[in-house]
1. Could you identify the single residue in Leu84, Leu75 that is under 15 Å from the mean Cα position of the chain (by Cα), under 17 Å from Ala122 (Cβ atoms), modelled with pLDDT of 90 or more and not charged (D, E, K, R)?
2. Checking the condition of a type in the set (Ser, Thr, Tyr), in contact (Cβ under 8 Å) with a residue 60 or more places away in the chain and out of contact with any Cys (no Cβ under 6 Å at 6 or more places or on another chain), which residue from Thr46, Thr114 passes?
3. Can you confirm whether Arg103 is modelled with pLDDT under 90, among the basic types (Lys, Arg), touching an Asp or Glu at 6+ places or on another chain (Cβ under 8 Å) and farther than 20 Å from Arg36 by Cβ?
4. Can you tell me which residue is modelled with the lowest pLDDT among those in the stretch 37-67 that are in a helix (DSSP H, G or I) and within 18 Å of Tyr125 (Cβ to Cβ)?
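The values are calculated or read from the model by the stated rules, or taken from the named source; none is laboratory data. Just so we're clear, the structure is a prediction, and the values are computed from it rather than from any experiment. Backbone-built Cβ (ideal geometry, glycine too); neighbour counts: all protein chains shown.
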Amino acid sequence: MRQVAFGSPGVRGCLASPLRPFQRITGGSGDRRLARFGAHECTHWTRHETRLNREFGRKRWGDEGYAAEELVAELGSTFLCADLSLTPEPRADHASYIETWLRVLRNDKRAIFTAAAHAERAAAYLHGLQPKAETAAEHDADDYRAAA
């Protein structure tokens, strides 16, 4: 099984394989790698027209629209991992992605700013989908009411 995570704009959510096969593919403890990879795929998921409606004119795999979306997903993953205190770990296939990103960056001097802005919006959107954390004061108040 090669596919370990998948995020498609038309799918309701991101799908990930169970952790054990992922550990076998990546070697060692795969939980952090899976979280990073999942963050990358969930950033792709946000591009759907009912979410953030992000479109770079992608026509086929490897073209400039594809490369621009991959750059957004990688930056979004980096932002999300930073929020989760996860350290990025380069993968062997990053070199082929970087080659396509460089083509986009050479052709548009503002591409990095555009991609970073889209990635930040994606990270914020994904954070907004998370349940609100209960503060310690709210938790104490609930305990007090329950005891009364």
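1. On the way: Leu84 fails: modelled with pLDDT of 90 or more.
Of Leu84, Leu75, the one residue that is under 15 Å from the mean Cα position of the chain (by Cα), under 17 Å from Ala122 (Cβ atoms), modelled with pLDDT of 90 or more and not charged (D, E, K, R) is Leu75.
2. Values: Thr114 fails: in contact (Cβ under 8 Å) with a residue 60 or more places away in the chain.
That would be Thr46, the only listed residue that is of a type in the set (Ser, Thr, Tyr), in contact (Cβ under 8 Å) with a residue 60 or more places away in the chain and out of contact with any Cys (no Cβ under 6 Å at 6 or more places or on another chain).
3. Values: modelled with pLDDT under 90: yes; among the basic types (Lys, Arg): yes; touching an Asp or Glu at 6+ places or on another chain (Cβ under 8 Å): yes; farther than 20 Å from Arg36 by Cβ: yes.
Yes.
4. Gly38
Condition check ((1) exposed (fewer than 11 other Cβ atoms within 10 Å of the Cβ); (2) in contact with an Asp or Glu (Cβ under 9 Å, 6 or more places away or on another chain)) across all residues:
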position: Leu52; (1), (2): no, no
position: Ala68; (1), (2): no, yes
position: Val72; (1), (2): no, no
position: Gly76; (1), (2): no, yes
position: Asp83; (1), (2): no, no
position: Ala95; (1), (2): yes, no
position: Glu99; (1), (2): no, no
